[in-house]
Structure formats: C-alpha cells, structure tokens
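Reading through the structure tokens given below for one structure.
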Amino acid sequence: MKIRTKLIYYILICLSIGVIGAIVVVAAVSIPYLTNEETKKVHNDIDKMSAILNAEFDSLGRTQRDWSLWDDTYDFISGNLDSYATDNLGDETLAQLDLVSMIFCDKSGNIIYNGSIDDASSNVNTMIIAQNAFEILTKGVTAEQIHSGLSLVDGKLYLISVEGTTNTAQSVPHNGYLILVRALDDRFFTYLEQLLESDIALQFVEGDTMQRFNGVTVGEIQREGMQLSYTGRANDLLRNGMVLFVFNHERTSFMEAIKTLKTVSLALCVMFFFIGIGTVFVVSRREVKRITYLSDFVQNVVTQENLSLRTKMSGNDELTQLGENINHMLFDLEKNYRAIQKNDEHLKMIMEATNDGYFDYDLDKDIMTISPGWYTHLGYDENDNEPFGRDRVLNTILEEDRVAFINDFNAYLGKNTGIFYKELRAYKATRGFLWVLVRGRAVSADATGRPTRFVGSFMDITEKKIEEDSNQYLRESDPVTGINNRAFIEKLLLQINTVEAFAAYCVMMLDVNGLKLINDAFGLQEGNRLLKTIGDILKLCCGDSDISARWGSDEFIILVKNDRTYADTLMDTIKKEIDNLYMFPIKISVAFGCANVMDEDAGIENIITRAEETMYQNKLLEHRSFRNGIVAPFEQLLYHMKIETPERVKRRLSLCRLMRDAMHLSPEEGDALMLLTLLHNVGKAAASEVSASAADDQTVKTQKEADLEKGSRILKNVPEVAHIANDILYHEAHYDGTGIPMGASRDSIPLNARISTVICYFDDLITAAEIVSEAGIDEAKSQIRQRSGKSFDPQIVETFIRIIDQWWQQLDKMGS
C-alpha cells in the first residue's frame with residue numbers, strides 16, 4: 001500500500017473518530033441532563049396537582065365549617081329543629097354549595113339526613129355509610145378537627161369532608177357529624193390538563209387499607225420514544241387501594257434537543273470532511289512527494305549496491321534531517337565496508353599463522369575447505385590434497401563424541417537458526433588427540449530453506465580442558481583425605497537421577513568415633529591425620545568400582561555394587577583395618593550403616609537416610625564400649641607424660657571410695673569424684689602434647705590456671721565425662737578464696753573439688769616421702785590440719801582424718 005493511500009486512511013480514520021467522539025460526548029452530556037430536567041418537571045407537576053387538590057379541600061373545608069358550627073345544625077342533630085331540613089336542605093342547596101351530597105348523623109352513626117343530587121352520588125353515600133368507611137372517616141373528628149379524603153367511584157373523583165357539629169359559639173361538645181361530598185367535574189380536569197400541558201386519566205389500584213387524603217406522590221415514570229408517561233398516587237378513602245392520576249404528554253424539550261444534536265452532528269461531519277480533503281491535498285502535494293523521493297533513492301542504493309550515492313533534500317524539517325542522516329549512514333557504511341574488507345584479509349592471514357583455523361563447508365558438494373594452518377596443526381602434510389568430506393571429517397572425531405556431534409549438527413541444520421557450538425575431541429594425524437571448539441553458522445540456503453553452505457572456525461582448547469579437569473578435581477575432592485568430597489557424590493546422584501538407576505548401588509555410611517575429642521585435646525592437625533588415615537584405609541579396601549567420599553566432618557559414604565554380601569565383607573575389612581590403628585592417643589572406632597534400594601523408596605534421599613539411620617543405631621550399640629574406652633586413653637596419656645603413676649592413681653581412687661562412703665555420696669557423685677581425681681591433670685597432658693602454636697594464648701594467667709581451663713574445655717566436648725568439666729576449674733581453689741580462680745571460696749567451690757583437693761594434697765605428701773609409713777601419715781595429717789579453714793574445708797578435713805586409719809589398713813591389703 002502506498003504511503004499516500006495510508007495517509008488518506010489515517011486522516012479519514014482520525015476525522016471519523018473525532019466526529020464520533022464529539023457526538024458521543026454531546027449525547028453523553030445532553031441526554032442525562034434532559035432526562036433529569038424531565039424528572040424535575042414530573043415532580044413539579046405532581047406537586048401542582050397536590051396543591052390544587054389541597055385548595056379544593058380547603059374550599060370544601062370552609063363550606064364544612066359554615067354548616068358544622070351552626071346552632072340550627074346542632075339543634076337539627078339533637079332532634080330539636082324539625083323544620084331544618086325543609087328550610088335548608090334540597091337540590092338547590094347542593095347546587096349552590098357545589099356539592100353532590102350531604103349526610104347528617106349523630107355520634108352513634110345513626111343517619112338523620114342523607115341527601116344526594118343523583119344516583120351516582122347516592123352510591124357514594126352508601127359507601128360512606130358503610131361501617132369501615134364511616135369509622136375511618138369519623139375517627140378522631142371533633143368540632144375543631146376536619147377530616148377529608150377522596151375516592152374514585154364509577155370513574156368519577158369525589159372529595160369527601162367530615163366535621164363534628166356544635167353550636168356557633170362552640171360552647172358544647174359536638175353531637176354528631178356533617179359529611180359533605182363534592183365531585184370534580186370535566187371542567188376541573190380540563191383546567192388541570194391545560195395547566196400541566198398533559199393528558200390526564202384516572203385509574204384505581206387495589207391495596208390493603210382505606211386512608212384519608214395526605215397529598216399526591218410521584219409514581220412510575222416511563223419514557224417510550226418521544227412519549228412521556230408518569231403517575232401520581234393518592235389514597236382512596238372509600239375503597240381498599242389508591243387513585244392513580246395517569247399523565248401522558250410528548251417530550252417536547254427532548255425532541256428539540258435531539259433535533260439540535262442531529263444538526264450539530266451533520267455540521268461536524270461536513271466540517272471535518274472538508275478539513276480532511278484539505279489536509280490530504282496539502283500533505284500529498286508537499287510531504288508525500290518528498291517521502292517518495294527518499295524511498296526511491298534508498299531503493300537505487302540497494303539495487304545498484306553503490307554506497308557512494310548521495311541525496312539532496314530541500315527545506316528545513318525532519319525529512320531534510322532524514323536525508324542528511326541517510327547520507328551520513330552511507331558514508332559510514334562505505335567506510336566500514338572498506339575496513340571490513342581489510343580486516344577480513346588480516347583475519348585470514350592471522351588464522352593461517354596460528355593454531356586456530358577456519359573452514360567453508362559446501363553441503364551440496366560435500367567438500368570442506370580448511371585453512372592451511374589447521375592442516376599442519378593436526379599433523380597433516382601441507383601437500384595433502386585429499387579433500388575433506390563428511391566421512392573424513394567424522395573419522396577424525398573420537399568415537400565417544402561422534403554420535404553426539406552428528407545429532408547436534410543435524411538438529412542445527414533442521415532449525416537453521418543461530419550459531420552452531422560444539423566441543424569435541426579430534427584425532428591428530430600422527431597419534432593422540434586434542435580438544436577442539438567448533439563454531440559456525442549456515443550462510444546460505446536453497447529455495448526450500450535447506451542450508452547449502454556452512455562456515456565456521458576451529459579452536460584448540462586442549463589446555464583449557466586440562467585446566468578445567470584439574471579445577472574439577474579440586475572442587476570434587478577432599479583436601480584432607482584425598483578422596484572424593486560431598487559435592488562429587490551429590491553431582492553423581494544428580495546424574496543417576498532415578499531410584500531405578502540407583503538400584504545398581506548399595507549405600508554404606510561410616511562415622512568416626514572420637515574425632516572431636518582428638519581435635520579438642522590434641523589439635524586439628526592430629527584430627528586431620530586421623531581423617532587422612534581413614535581415607536587411606538578406604539582407598540586400600542575399596543575396589544575399582546566402589547566410590548568413596550567424605551560426607552561430613554566425621555562421616556564417610558561409599559557407593560558399592562548392589563551386592564549385600566560384598567558390602568558386608570567390605571565393612572568387616574575396613575573395620576579390622578581401623579581396629580588395628582595404634583598411632584593415635586585414644587582407641588579409634590567407627591560405626592557402619594548400609595542400605596540398598598527397596599520397593600517403597602520414593603527417592604534417592606530415602607536410601608541415604610536409611611543408611612544413616614542404620615549407622616546411628618550401630619553407633620548407639622557401640623556407645624557403651626566406647627564410653628568405657630574414654631577414660632583409659634586419658635589414663636594412659638597421663639602415664640606416658642609421667643604426670644601420673646599407676647600406684648598414685650590406685651591410692652587416690654581407694655581414698656575416693658572411702659570418702660564417698662564416709663560423706664554418704666550417691667553412686668553418681670562418687671563416680672564423678674573418682675573421675676575428677678583421676679583426670680584433673682588432663683589439661684597439663686594436652687598442653688604438653690600440642691604444638692606451641694596451638695597452646696593456650698591467655699599468657700596473663702598462670703600456667704596452672706591455663707592447664708585447668710584447657711582440661712575443662714577438653715572434657716566438655718566428651719559427653720561421657722562432660723559433667724566433671726566445671727569441677728576441674730576449681731581443683732586449685734582454696735577454702736578462704738586465695739586459690740585459683742580468685743574469689744572462689746567456701747560453698748561456691750563444688751563439693752567434689754573440695755574433697756579431691758584434700759585427697760590429692762595428701763597423696764602429694766605421701767609421694768614426696770617416697771616410703772608410705774605410719775610416721776609419714778601422721779606428718780601428713782598434721783599438715784592437712786594446719787591448712788584446715790585456709791586451703792581446705794574444715795568439715796571435709798575432719799572426715800578425711802577419720803578415714804586415714806581405715807585407708808592404712810586397706811593399703812596393707814593392696815600391697816602398697
């Protein structure tokens with residue numbers, strides 16, 4: 001479609017939208033306004049109707065009052081004036097008063113006079129005299145209060161008024177009622193129609209009750225085309241329902257507004273039409289011609305493939321600027337094209353001089369042209385003129401990568417979009433292979449879209465792949481043990497992916513007992529040596545198809561072939577190797593767990609979880625023996641460091657038992673006392689075992705206090721003996737507060753610490769004497785008494801002095 005045609009369409013569409021929008025806006029504003037004005041007029045008409053009826057009732061009320069408040073009427077009702085009816089009542093009186101009937105009755109409802117002008121009026125009187133109507137009409141009526149209402153009877157509207165009768169001076173209570181009835185004739189409704197400019201009809205609508213007149217209210221409003229109809233509602237006094245005043249008239253104002261709207265719309269259409277014609281003419285003559293010129297110029301540049309062409313535009317607007325921009329663009333394209341040609345020549349020279357190469361593959365002829373430098377890089381003779389076709393290229397690719405390359409390349413040719421990218425291994429002409437990155441894209445295709453030419457490059461990425469493999473090994477191996485780490489196993493599990501594939505494996509979990517104890521007591525270097533030893537054992541015991549890895553800090557995982565007999569044998573082999581370890585300060589033990597795929601497994605995580613649960617159960621079963629082995633390594637360490645001797649330990653423990661019984665300690669408290677007495681120097685042993693760099697760094701404290709804190713920290717990390725860790729801190733505390741730590745005195749020192757301090761001091765005195773004798777014991781007693789209340793608790797000292805003789809007797813039995 002030409003630009004001139006498009007502009008015409010655009011202008012006409014815009015003008016049409018403008019015209020339609022203007023009409024819609026005018027209609028949207030004017031029609032609701034006119035409707036609202038009509039509604040206001042309806043309410044005004046009803047208000048006028050109600051006011052006119054009220055005026056009629058007022059007129060009837062004045063007549064009512066003249067006759068009701070009259071001595072003769074009062075006497076007539078009372079039966080004292082028989083000539084009243086003859087002298088005052090009759091058709092002439094009704095005509096003069098513009099009434100159709102008059103009814104006189106006493107307060108009991110007995111009719112004294114019932115006069116009407118015609119049969120229709122007589123029917124109205126009959127309805128009035130009916131009990132329900134009479135009661136409603138006269139209820140609450142007095143000489144001062146007039147009640148009135150209206151009723152539609154036989155298509156005619158009647159006004160009805162009632163008032164109590166009394167004398168002229170109103171000095172006596174009313175003795176009856178005077179009821180007046182007036183008919184609204186055609187003259188009244190003719191006047192009303194002229195006043196309201198509307199046709200009026202009367203209808204009766206049945207309801208629930210008879211009511212007095214309380215005005216006319218607006219009913220339903222209907223608009224049908226140019227006709228407006230609405231109703232006014234008033235209560236009917238004599239019948240159960242309402243009187244409807246139905247108004248019908250033409251919507252004159254609305255019709256005038258619609259006519260004006262049509263005129264304005266037509267005027268807008270005509271005005272916009274001429275504006276559109278003028279706009280199209282001006283744009284076509286002045287601007288479209290210039291745009292067409294620019295389009296033809298660009299087409300000439302494309303057809304001639306001549307970037308040296310230039311355009312010249314007159315004027316000083318956006319089209320002129322566009323022409324100048326086209327000239328600048330052509331200049332830059334010409335300049336860049338020459339640079340590209342030059343760079344292409346340089347690129348070919350560079351590619352030929354490096355190990356990278358380029359190729360041009362003619363898919364139809366199945367001939368690939370390869371840069372000469374790549375020939376020599378692959379080890380081929382420069383004089384090798386044998387063409388590289390599809391088969392020869394595929395034969396240079398390693399078998400493991402060949403199928404994937406064929407599939408990926410065929411898939412690319414099927415899509416024929418983007419850049420082909422593939423890493424593969426290619427044989428060298430002599431021996432070995434190298435990693436090659438192949439990149440390229442299809443640059444031409446036949447009429448069906450099938451690629452006919454593929455151009456790309458080769459890049460030797462062998463060194464990069466070697467570095468990647470090295471980095472991958474570092475990422476997926478544990479630096480402490482030298483075996484695989486958790487990241488490697490998790491990656492392997494992602495590759496296995498399904499429970500069905502995982503069914504070929506058994507999962508073994510291994511937990512090293514005591515690693516935390518070694519780390520805390522002897523340093524991380526010793527703990528790492530233990531982990532390295534466990535890793536070496538796994539390497540030694542596992543077969544080529546087994547996969548072992550460090551799973552956590554002290555946990556290992558092993559994936560073996562799904563043969564439970566083999567897995568059990570492997571666990572026994574590893575356990576025996578670990579049981580034979582002798583180069584660590586404490587006895588090393590492990591807990592094993594094993595699981596394989598079961599029918600109810602929903603994921604690989606389930607299998608590993610079951611293996612962990614089995615391992616933890618095994619750990620709990622071995623917990624008692626491990627606990628029994630906790631104290632022995634500490635004891636052996638103290639002997640090895642020559643901090644304790646078996647004789648001294650044996651002597652102290654016997655004293656602990658005697659003090660336990662003498663002070664009535666519980667079995668748990670007695671065990672804690674013996675452990676404290678045995679292990680209070682473990683910090684001194686650990687401090688001697690670790691290197692100087694790992695020693696306690698709080699140099700401001702005494703060596704003894706540092707040793708106690710070190711021992712406390714070690715035991716806190718061993719659950720089996722952690723309950724005595726706090727007591728060790730107070731083993732050098734004095735009863736008077738002068739010991740370690742400063743300020744600890746009396747009952748703030750734990751009981752076991754106070755007891756153990758006395759026992760160890762006594763043993764030190766005996767040991768210093770070298771020979772245990774009765775004289776030496778008496779001397780020791782004397783020194784302990786001297787320190788009572790200062791270093792030692794007086795009560796504990798007294799108890800200890802009493803059990804010395806008992807201990808001396810037991811000592812003979814022990815051979816000390």
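Throughout, read-outs are computed from the coordinates displayed, never taken from laboratory work. Quick caveat, the model's predicted, so the values are computed rather than measured. Cβ: placed from backbone, ideal geometry, glycine included. Neighbour counts: every protein chain shown.
Values for this structure:
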{"quantity": "Tally of Lys pairs whose C-alpha atoms are under 22 Å apart, taken over the stretch 354-466, 8 or more apart or cross-chain", "calculated": "5"}
{"quantity": "22 Å Cα-Cα threshold exceeded, pairs from 587/642; 704/781; 650/684; 539/575; 40/156; 532/587", "calculated": "704/781; 40/156"}
{"quantity": "Sequence of 761, 177 once ranked by neighbouring C-beta atoms within 10 Å, starting from the fewest", "calculated": "761, 177"}
{"quantity": "Neighbour-count ranking [beta-carbon atoms within 10 angstrom, fewest first] of 587, 107", "calculated": "107, 587"}
{"quantity": "Bridge type composition, the chain - antiparallel percent by DSSP, nearest 5", "calculated": "95"}
{"quantity": "Shape of the chain, Cα gyration tensor, a/c cut at 1.5", "calculated": "oblate"}
{"quantity": "All lysines inside 28 Å of residue 335 as judged from Cα atoms, apart from same-chain residues fewer than 8 positions distant", "calculated": "312, 348"}
{"quantity": "Helix-only mean residue ellipticity at 222 nm for the chain, each DSSP H run of n ≥ 4 adding -39500 (n - 2.57), per residue, nearest 500", "calculated": "-18000 deg cm²/dmol"}
{"quantity": "The stretch 328-341 - phi-based ³J(HN,Hα) in whole Hz, Karplus 6.51/-1.76/1.60, Gly and Pro as x", "calculated": "5, 5, 5, 5, 5, 5, 5, 5, 5, 5, 5, 5, 5, 4"}
{"quantity": "Under-5 Å amide H pairs with residue 100, H placed in peptide plane, nonlocal only", "calculated": "181, 182, 183"}
{"quantity": "Local electrostatic count at residue 324 - Lys and Arg +1, Asp and Glu -1, tallied over other residues with Cβ under 11 Å", "calculated": "+1"}
{"quantity": "Rounded to whole Hz, the Karplus (6.51, -1.76, 1.60) HN-Hα couplings of the stretch 553-561, x for glycine and proline", "calculated": "4, 10, 10, 10, 10, 9, 9, 10, 4"}
{"quantity": "Sequence-distant residues sharing a close amide H with residue 453 (under 5 Å, placed H)", "calculated": "363, 443, 444"}
{"quantity": "Ranking of 538, 363, 413 by count of other Cβ atoms within 10 Å, fewest first", "calculated": "413, 363, 538"}
{"quantity": "Residues of type aspartates and glutamates that residue 139 reaches as a straight line, Cα spacing below 14 Å, ignoring anything fewer than 8 places off in the same chain", "calculated": "106, 163"}
{"quantity": "Cα-based helix-to-principal-axis angle, 119-129 vs the chain, degrees rounded to 10", "calculated": "50"}
{"quantity": "The stretch 28-180: Rg to Rh, with Rh as the Kirkwood radius over Cα pairs", "calculated": "1.13"}
{"quantity": "Cut-off under 5 Å, modelled amide H: who pairs with residue 367 long-range", "calculated": "362"}
{"quantity": "Rounded to 10°, Cα long-axis angle of helix 524-541 versus longest principal axis of the chain", "calculated": "90"}
{"quantity": "Karplus-derived HN-Hα couplings along the stretch 566-576 (A = 6.51, B = -1.76, C = 1.60, θ = phi - 60°), whole Hz, x at Gly and Pro", "calculated": "5, 4, 5, 5, 4, 4, 4, 5, 5, 5, 5"}
{"quantity": "Contour minus Cα-Cα distance for residue 635 and residue 204 (0.36 nm per residue)", "calculated": "143.2 nm"}
